[in-house]
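Asker: Take a look at the following structure, please.
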Amino acid sequence: MSTPLLAVERLEKHFRTGRADLSGRKRGLLRAVDGVSFTLERGESLGLVGESGCGKSTTARTIIGLQKATAGSVRFDGVELTSLSRRGWQPYRRRMQMIFQDPYASLDPRQTVGSILTEPLTIHRVGKPRDRRLRALSLLDAVGLDPRHLFRYPHEFSGGQRQRIGIARALALEPELLLCDEPVSALDVSIQAQIVNLLKELQERFGLAYLFISHDLSIVRHLCPRVAVMYLGRIVESGPRASLYADPGHPYTQALLSAVPVPDPAREAERRRQVLGGDVPHPSAPPPGCAFHPRCPRLALEPPGAGATACRSEPPPLAERGADRRWSCHLV
């Protein structure tokens, strides 16, 4: 079997919170990412979905080295990244890039578009100044912007145009993997469709692999053949898009999908929404057992017994359910 482009195994990222008191007791521990595992093949798209605060963005930032992993393994093309020095990371910076959520905060307002696009090439010493300018022009063309925009500043563009600039910057070094951290959530709905279609077109054109992070399952369905669902730092379900959307196994996935609008008004009127009570628990104080059990509608209907007891005392494993499907639930 060929080596996957990206292999993440039991990845953890924890943060210390607060201060130690006078008695010397340790500070609290926030488990932002708590044992995440998945693989991503060349040219493939994997959607990572879940509510805000579930650890999706921290997972991406840890994979790309912006956060140092607490434990676990991240292998890119077979090479372990978590143990690399800053200099050792440099060749892999060219091969994997990130598109950030906020197109207003991710671009330096003091730089022109040309400077933003040529800066990665300058840092990695790619080509001569003239070659870099020509590369910047071709990048603008690839993302559907006018080459005359090269000498403008970010404040002169709309949100959708700024995100196109961010995508162009991510493509500057010809990466193999893009980590897309909710790249359309800050944009108008009409612009979201344009950016998603652009990402799909660029993937086909350049053979890119995407780790696409979003809380919008309808967008993920359009872009990603495979989906992983995160809750409180852990993946609770994963599988092919078609089977996961048609027959979700985990109660949390069922609730997320029930919130996705159906374009048919008659079907939408007949559909029963599954509304979750409460909020996502704080990662510094997760509930015992299954992290989802305080909000689980299935557990609320379950009679007292071994299954219900296990939900409150033992974390369920992410078990194989056939046909490349996995989910973690004691009751299913």
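Asker: Among the residues in region 121-131, are any at pLDDT below 95 and touching a strand residue (DSSP E or B) at 6+ places or on another chain (Cβ under 7 Å)?
Answerer: So far as region 121-131 goes, no, none of its residues is at pLDDT below 95 and touching a strand residue (DSSP E or B) at 6+ places or on another chain (Cβ under 7 Å).
Asker: Give me the helices (runs of 4 or more DSSP H) completely within region 162-273, filtered to those with at least 2 residues that are open to solvent by 50 Å² or more (accessible area, probe 1.4 Å) and among the small types (Gly, Ala, Ser), ordered by residue number.
Answerer: In region 162-273, 189-206, 241-246, 265-270 are the helices (runs of 4 or more DSSP H) which contain 2 or more residues that are open to solvent by 50 Å² or more (accessible area, probe 1.4 Å) and among the small types (Gly, Ala, Ser).
Asker: When you scan region 110-140, how many residues do you find that are more than 24 Å from Asn197 (Cα to Cα), of a type outside the set (Gly, Ala, Ser) and part of a helix (DSSP H, G or I)?
Answerer: The total comes to 12.
Asker: Six or more apart or on different chains, Cβ under 9 Å: which pairs go from a residue in region 131-142 that's in contact (Cβ under 8 Å) with a residue 12 or more places away in the chain to one that's polar (S, T, N, Q) and open to solvent by 50 Å² or more (accessible area, probe 1.4 Å)? Could you list them?
Answerer: What qualifies is Arg132/Thr122.
Asker: What pairs can you find where one residue is in region 36-61 and more than 16 Å from Leu199 (Cβ to Cβ), the other is surrounded by 19 or more Cβ atoms within 10 Å (Cβ to Cβ) and aromatic (Phe, Trp, Tyr), and their Cβ atoms are less than 7 Å apart, with a gap of 6+ or different chains?
Answerer: Final answer for the pair search is Gly50/Tyr231; Cys54/Tyr231.
Asker: Please note which strands (runs of 3 or more DSSP E) are completely contained in region 6-83 and include at least 2 residues that are of a type outside the set (D, E, K, R), in contact with a Ser or Thr (Cβ under 7 Å, 6 or more places away or on another chain) and modelled with pLDDT under 95.
Answerer: Because the criterion is at least 2 residues that are of a type outside the set (D, E, K, R), in contact with a Ser or Thr (Cβ under 7 Å, 6 or more places away or on another chain) and modelled with pLDDT under 95, the strands (runs of 3 or more DSSP E) in region 6-83 that meet it are 6-17, 28-40.
Asker: Looking only at region 141-157, how many residues end up being assigned to a loop (DSSP other than H, G, I, E, B) and open to solvent by 60 Å² or more (accessible area, probe 1.4 Å)?
Answerer: Number of matching residues: 2.
The values are calculated or read from the model by the stated rules, or taken from the named source; none is laboratory data. Remember, predicted model here, so these are calculated numbers, not experimental data. Cβ atoms come from the backbone with ideal geometry, glycine included; neighbour counts cover every protein chain shown. Calculation scope for accessible area: heavy atoms of the full protein, side chains included, ligands and nucleic acids excluded. Shrake-Rupley method; radii C 1.70, N 1.55, O 1.52, S 1.80 Å.
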